[in-house]
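Just so it is clear, none of the values below were taken in a lab; they were calculated from the coordinates. Here the structure is a predicted model, which means the values were calculated and not measured. For neighbour counting, all protein chains shown are included, and Cβ atoms are generated from backbone atoms with ideal geometry for every residue, glycine included.
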Amino acid sequence: MKNLYLVLSLILISTATTVAVDLESSSPTVCIIGSGIGGSSVAHFLRTYSSSGIGEIRIFERHAVVGGRTATVTLSGETFEAGASILHPKNYHTLNYTKYLNLSVRGPPPSESDSSFGIWNGREFVFKTLSFNSNLPIIQRAVSFANSVLIFFRYGFSLFRMNNFVDNTVNSFLKYYEDFESRPVFETVEEMLKWSGLYNLTRRTLQEELLDFRFSPRITEELVTVITRINYGQSISISGLAGAVSLAGSDSGVWSVEGGNRQMAAGLISHSDVKLHLNEEVESVSFIEEKYQLNTTKGKSYQCGITVVATPLDEVNIQFLPGISIPERKLQHTYTTFIRGLLNPAYFGLGSVSEVPQLVGTVETPDVPFSSISVLKQHKENDMSYKVFSRKPLDDALLDQIFSVRNETIKIDWGAYPHYHAPEVFAPFILDGQHLYYVNAFENAASTMETSAVAAENIARLILSRLSGKKPASTVTLKSFGDDAYDVHADL
C-alpha cells in the first residue's frame, strides 16, 4: 500500500505544472505554509537577520486573506476581532511590529476597563461587581475602589499570589528577548523551555501549580476558572504554562491593533519581499534530490530549498514524502457567536438588562452552555453588540432564550488552540533532519500571537545558523537591525 501511494505521488509530481525557481545559487528559496503571525514573522525575521543568505520567499495561504487565526468580523457595519484579540503589554515582538508598520495601538476604553463583571454558575451569579453609570470621575473612582474591596473580600490574599505567579512566568518569558550573545538558537521546544525556566510548568496541570502557590479553592474554582474558560476554552486541568499565559491575558494594559490584529501579518508580508499565493492550499511536500517539491490545489508544483510549516498540522491534510512523525494533538474548538440585539435578563433571573454584568464569566459546570458573554459595544440603551464564547455550537432555540432580541447573528467555529494536558509532549522544530521546519511545535507550550512570533524568530535564527554550518547552540552572526527595522532589545 505504501509503495502504491509513493507511485501515485510521483505521478502527481511529474504531471504538475512546474514553476521554475532558481535554487542553484547559494541563497535558497524559502517556502512558508501559512500566512498568520507565525508565517509572516518567519519571513520578517529572515529578511531582518540576513542580508544575502536567503533568496526568494513564497508564502502559501489556503484562504483569500492573510492573517491565519487573526481575523475580523463585520456585524451590522461594525468591525470586531473574531480571532486572536488581545496582547499583553510585555509582548515586545508584536508591540514592535506596530511601530515598524506604523499601526495604531488600541487599549481598552475607560468605560470597558471599569465594566461590570459577574460569575454565573447556571443558576445564579456567585459574584458581581457594582455598576453605576456616571460620567463624573469622582463617582467612577469610588465605584472602582468599592469593587476592588469587594474582590479582595471574596478572594483575599490569593489575588496577590495570582499576581506573583503570573509575574514569575512573564519574567521567565522575557528571556526570549535577550540579545544574541546570551540567547542560544534552539533545535527543540524542550531546549527552549528549559533554558528560560518554563519547562516544568508544562509537566503539571495549572491546578497542581496553584495548589503549590497556596491559592484558595474559591479563587481557583471561580476567578481562575473564568479566565481559562474565556482565554483557552478549557478548565484548570490545562498545563501550568498555558494556564499562566491565560491568566496573564487578564492583566491591565492589554491592547490590540486599531482596525484589526491581522494587519500585523499583512504588513510584515508586504515589507518582506514575499511572493504571496492566496487561495492556494499545499497538498503535499516531497523531499527529492535535496529539494522540497510543494504541490498545490491549483495543480502547480514549486521547488524550495527550505520549507517552513507555519500552520497547525492537526486539521490540515498535507502529505509528506518521506513521512514525518509528530505527537497526536487535538485542537480545542471555540465557537464564537456575535449578536446585535439585547440579552434577556429573565434568563439570569434578573429584572432588567442593566442588572446583567457587561462581562459574564462562567464556572466549570455542565449547567452552563457558554463560556462567556461580553458586551462589545453599546449602541443605544436597548441595542448592543455581544460576543459569546462556547465549547459547542449554540443553536437558535437556546440563543432565543439567552437573548430577547437578535437583529443579526454571526457564528464562527475556530480551531483556536491545542487542547492542553500535562505533561505536554512536543513536536520537533525540525521535522525531517533537513530543512523542513515547524513553527507551531511551540503551541503545546502556549498559544498566543506573541508565542508564535517568539517561535518564528527562533526558527529564522535556526535556519540561518544551519545554513551557515554553525552549531545552533552557538552564537550566530546575523545582520544588525537596519534603520527601517526595530530593536526589541532597546525597548527592553
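Return the loop-located trypsin sites (Lys or Arg not before Pro) in the stretch 165-269 (DSSP other than H, G, I, E, B) with at most 11 other Cβ atoms within 10 Å of their own Cβ; answer none if there are none.
Passing sites in the stretch 165-269 are 214.
Taking Cα centroids, how far is the stretch 29-100 from the stretch 417-440 in Å?
20
Write down the Å³ per residue value for the convex hull defined by the alpha carbon atoms of the stretch 84-176.
Measuring per residue, one finds 158 Å³ for the Cα hull of the stretch 84-176.
Arranged from highest to lowest average of other beta-carbon atoms within 10 Å per residue, in what order do the peptides 408-416, 52-60 appear?
52-60, 408-416
Starting from the exponent 0.38 and prefactor 2.2 Å, build the expected Rg for the stretch 259-321 from its residue count and divide its actual Cα Rg by it.
The stretch 259-321 yields a ratio of 1.28.
Rounded to whole Å and sorted largest first, list the principal axis extents of the Cα atoms in the stretch 171-233.
45, 23, 19
Express in nm, to one decimal, how much length is gained between residue 273 and residue 164 on full extension, taking 0.36 nm for each residue of separation and deducting their alpha carbon distance.
35.0 nm
Using 10 Å bins from zero, what percent of all Cα-Cα pairs in the stretch 364-408 falls into each bin?
Taking every Cα pair in the stretch 364-408, the percentages come to 22, 55, 21, 2.
Give me the base-10 log of I(q)/I(0) for the stretch 324-416 at each q in 0.17, 0.18, 0.19 Å⁻¹, Debye formula, one uniform scatterer per Cα, rounded to two decimals.
With one equal scatterer per Cα and no solvent, log10 I(q)/I(0) is -0.73, -0.80, -0.89.
Work out the charge dipole of the chain with +1 on the Cβ of Lys and Arg and -1 on the Cβ of Asp and Glu about the Cα centre, then indicate which of 94, 427, 148 is farthest towards its positive end.
So the residue furthest toward the plus end is 148.
Using 0.36 nm per residue, how much length does the chain from residue 121 to residue 218 gain when fully extended, once their Cα-Cα distance is taken away?
Result for the pair: 33.6 nm of gain on full extension.
Any idea what % of Cα-Cα pairs in the stretch 194-301 are farther than 25 Å?
Considering the stretch 194-301, 53 percent of its Cα-Cα pairs are separated by more than 25 Å.
Please give the calculated 222 nm ellipticity per residue for the chain, where each DSSP H segment of at least 4 residues contributes -39500 (n - 2.57) and the sum is spread over every residue; nearest 500 deg cm²/dmol?
-9000 deg cm²/dmol
Step through the table entries 330/392; 194/291; 99/175; 330/411; 128/387; 275/300, compare each Cα-Cα distance with 24 Å, and write down the pairs that go over it.
From 330/392; 194/291; 99/175; 330/411; 128/387; 275/300, over 24 Å: 194/291.
Multiplying the sequence separation of residue 347 and residue 99 by 0.36 nm and subtracting their Cα-Cα distance, what value in nm do you get?
Stretched out fully, the residue 347 to residue 99 stretch lengthens by 84.8 nm.
Which cross-chain or sequence-distant (5 or more) residues have an amide H under 5 Å from the amide H of residue 75, H modelled 1.01 Å from N in plane?
80
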